[in-house]
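Visitor: Structure in structure tokens, see below.
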Amino acid sequence: MSEAEGKQVNAVEVALAGMLGSPGLVGVALLDGTTGLLHASAGQTGAIGPGADLADLAALVTDRLGTAGAEGELESFVVTTTHWHHVMQAVPQRGGGLLLCAVLDRASTNLALALRDMAEHARLVLA
Amino acid sequence: MTDRQVADPPARNLPALLQALSAQGFTGSVRVHGPSAGSLHLREGLVTEVRTPGAPSTEARLLRSRRISEEHWNRVCAAAHGERSLSAALLGAGQVSAAELAVLCADTIHDGAFAMALTKPEGWETDATAPPPGIGAVPGIDPGSLTEVVTARLALLTRQWGPPAAFARTRIVPASRPGAPGSRVPPRYQDILLSVDGRRTPRDIAFMLGRGVYAVMLDLARMKALQLLQSETPEPVGPAVSVAPRSAPTATAPPAGPVPLPRRTPAVAAAPTGTPPGANTSLLRELRGLWSTAAPGGDQEPGPTRT
């Protein structure tokens, strides 16, 4: 728990606010990978999309990869549109899966570097 | 109503009550009666904890998911016995981070509210003097947002499986041949499949794995679509297995009338192996003589051999 301008905010919101300095990152959210429950968000949250839809998309990708015989667990996937990269990164956590979802401006983002940053953010977001 | 309770604002259902309490900036607990019994704690109008037997608590989820061992948990409880809150003691022990605890508390509140919403409450009462929860969300969840999430969850499960209340009572049965040939089951589903035995309900599985009831139900609905579970709960097959002693069937039909009670009748004793005290020795000698003359004949049954 922390105090910011007299208002209590939870620790996750503080962690997400710190990610907004990454190049090209315009919005980020932490949500439950199964239920889509939104735990916290920062930046332009409207571009991220509803949590339940993102969790459903992650489940669809995981299930279809499993049906295709893919081994291992899902770590991340990227959906690229005309203007944006939508990055969904699994957060390593004991006892349940969380997703760190980010929207990046395609024109000002090096995707390889952004993916490396996202993996690092996911590792540290609950630390 | 006791003096510990405050005057409940008029409300036609629990979400309306929570909204009214939120508008008042209420701090205290709301105890709910009925099949979906439980309690909600509010601080300054925000929900900080939901406790119900229908869903695992934060403590249960920490322990069952093995995020913290029982040994460490006992130490945390001992440390929190003084003036420190359980949350502060837990964070002080370094087993769980503040962010992880915030996520877990928020998840538990939404899951508890979902479990309580599966059945209609029979009544409620407020208590403004109830002590704060040992582990609670900071700053808390807005009741309006909580109601929206629970309503959306009930609607989604209804679309994917059917009535959620009936789903919550369903005993989950694994498919005889789970999955398509060559497919791999994600680890999250594997954990559930290992817990499914035809007797456990989604709530049982959630408690066993230390996960939320709604998350487990959602995964079960997805697993059913992947044909990892049986689509219908099977009917019981035949009567229960009899453990009564078996006897060969008799050809004669039982008598139609009342069966007389058995009577004890004197029986001829078998040939003794020794001579007990008081036995009729002359009769025994006569029997042994008959036995020794009959044995070489060949038509007789072979007698017992003695060593």
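Visitor: Considering only region B:82-92, state which residues are assigned to a helix (DSSP H, G or I) and surrounded by 14 or more Cβ atoms within 10 Å (Cβ to Cβ).
Guide: Once the filter is applied, which keeps residues that are assigned to a helix (DSSP H, G or I) and surrounded by 14 or more Cβ atoms within 10 Å (Cβ to Cβ), region B:82-92 yields B:L86, B:S87, B:A88, B:A89, B:L90, B:L91.
Visitor: Only one residue in B:L90, B:L86, B:L40 is in the same structural domain as B:T126 (by TED's automatic domain parsing), among the aliphatic types (A, V, I, L, M), under 21 Å from B:S145 (Cβ atoms) and at pLDDT 80 or above. Which one? First the steps, then the outcome.
Guide: Working: B:L90 fails: under 21 Å from B:S145 (Cβ atoms); B:L86 fails: under 21 Å from B:S145 (Cβ atoms).
Only one candidate qualifies: B:L40.
Visitor: Suppose the filter is surrounded by fewer than 20 Cβ atoms within 10 Å (Cβ to Cβ), over 28 Å from the mean Cα position of the chain (by Cα) and more than 14 Å from chain A (Cβ to nearest Cβ); does B:P53 pass it?
Guide: Working: surrounded by fewer than 20 Cβ atoms within 10 Å (Cβ to Cβ): yes; over 28 Å from the mean Cα position of the chain (by Cα): no; more than 14 Å from chain A (Cβ to nearest Cβ): yes.
Taking the combined requirement at face value, the residue does not satisfy it.
Visitor: Scan A:D105, A:D32, A:D117, A:D53 and give me the residue that is in contact with a Gly (Cβ under 6 Å, 6 or more places away or on another chain), modelled with pLDDT of 90 or more and charged (D, E, K, R).
Guide: Details: A:D32 fails: in contact with a Gly (Cβ under 6 Å, 6 or more places away or on another chain); A:D117 fails: in contact with a Gly (Cβ under 6 Å, 6 or more places away or on another chain); A:D53 fails: in contact with a Gly (Cβ under 6 Å, 6 or more places away or on another chain).
Sole residue among the options that is in contact with a Gly (Cβ under 6 Å, 6 or more places away or on another chain), modelled with pLDDT of 90 or more and charged (D, E, K, R): A:D105.
Visitor: Follow-up question, since we're still on this one. Name every residue in region B:8-45 that is open to solvent by less than 30 Å² (accessible area, probe 1.4 Å) and on the phi > 0 side of the Ramachandran plot, in order of residue number.
Guide: Passing the criteria: B:G28, B:G34, B:G38, B:G45.
Visitor: What pairs can you find where one residue is in region B:65-81 and within 13 Å of another protein chain (Cβ to nearest Cβ) and surrounded by fewer than 14 Cβ atoms within 10 Å (Cβ to Cβ), the other is in a loop (DSSP other than H, G, I, E, B) and of a type outside the set (F, W, Y), and their Cβ atoms are less than 8 Å apart, with a gap of 6+ or different chains?
Guide: Listed pairs, sorted by first residue: B:R66/A:R94; B:R66/A:G95; B:R66/B:G210.
Visitor: Another question about this same structure. Scan the strands (runs of 3 or more DSSP E) fully inside region A:1-90 and keep the ones with 2 or more residues being more than 9 Å from every other protein chain (Cβ to nearest Cβ). Give the steps one after another, and end with the answer.
Guide: Numbers: elements: A:2-4, A:7-9, A:25-32, A:38-43, A:76-80.
Because the criterion is at least 2 residues that are more than 9 Å from every other protein chain (Cβ to nearest Cβ), the strands (runs of 3 or more DSSP E) in region A:1-90 that meet it are A:2-4, A:25-32, A:38-43, A:76-80.
Visitor: Cβ-Cβ below 7 Å, separation at least six or inter-chain, first residue in region B:209-222 and facing chain A (nearest Cβ under 7 Å) and within 15 Å of B:T170 (Cβ to Cβ), second open to solvent by less than 10 Å² (accessible area, probe 1.4 Å) and of a type in the set (V, I, T): which pairs?
Guide: Close Cβ pairs (under 7 Å, with a partner that is open to solvent by less than 10 Å² (accessible area, probe 1.4 Å) and of a type in the set (V, I, T)) amount to B:L218/A:T34; B:D219/A:T34; B:D219/B:I192.
Visitor: May I pose another question? Under 26 Å from B:L101 (Cα atoms), open to solvent by less than 60 Å² (accessible area, probe 1.4 Å) and either at pLDDT below 95 or touching a Ser or Thr at 6+ places or on another chain (Cβ under 7 Å) (or both), is that true of A:A70? Walk me through it before giving the result.
Guide: On the way: under 26 Å from B:L101 (Cα atoms): no; open to solvent by less than 60 Å² (accessible area, probe 1.4 Å): yes; either at pLDDT below 95 or touching a Ser or Thr at 6+ places or on another chain (Cβ under 7 Å) (or both): yes.
Answer is no for this residue.
Visitor: Just one of (1) open to solvent by 20 Å² or more (accessible area, probe 1.4 Å); (2) under 30 Å from B:R43 (Cα atoms) trips up A:L31, so point out which.
Guide: (1)
Visitor: Note down all Cβ pairs under 8 Å where the first residue falls in region A:113-127 and is under 19 Å from A:L31 (Cβ atoms), the second is open to solvent by 90 Å² or more (accessible area, probe 1.4 Å) and among the acidic types (D, E), and they're at least six residues apart or on different chains.
Guide: Listed pairs, sorted by first residue: A:A119/A:E75.
The values are calculated or read from the model by the stated rules, or taken from the named source; none is laboratory data. Bear in mind that the values here come from a model prediction, so they are computed numbers and not experimental data. A quick note on method: Cβ atoms are made from the backbone with ideal geometry, for glycine too, and the neighbour counts reach across all protein chains shown. With ligands, DNA and RNA removed, areas are computed over all heavy atoms of the protein, side chains included. Shrake-Rupley method; radii C 1.70, N 1.55, O 1.52, S 1.80 Å.
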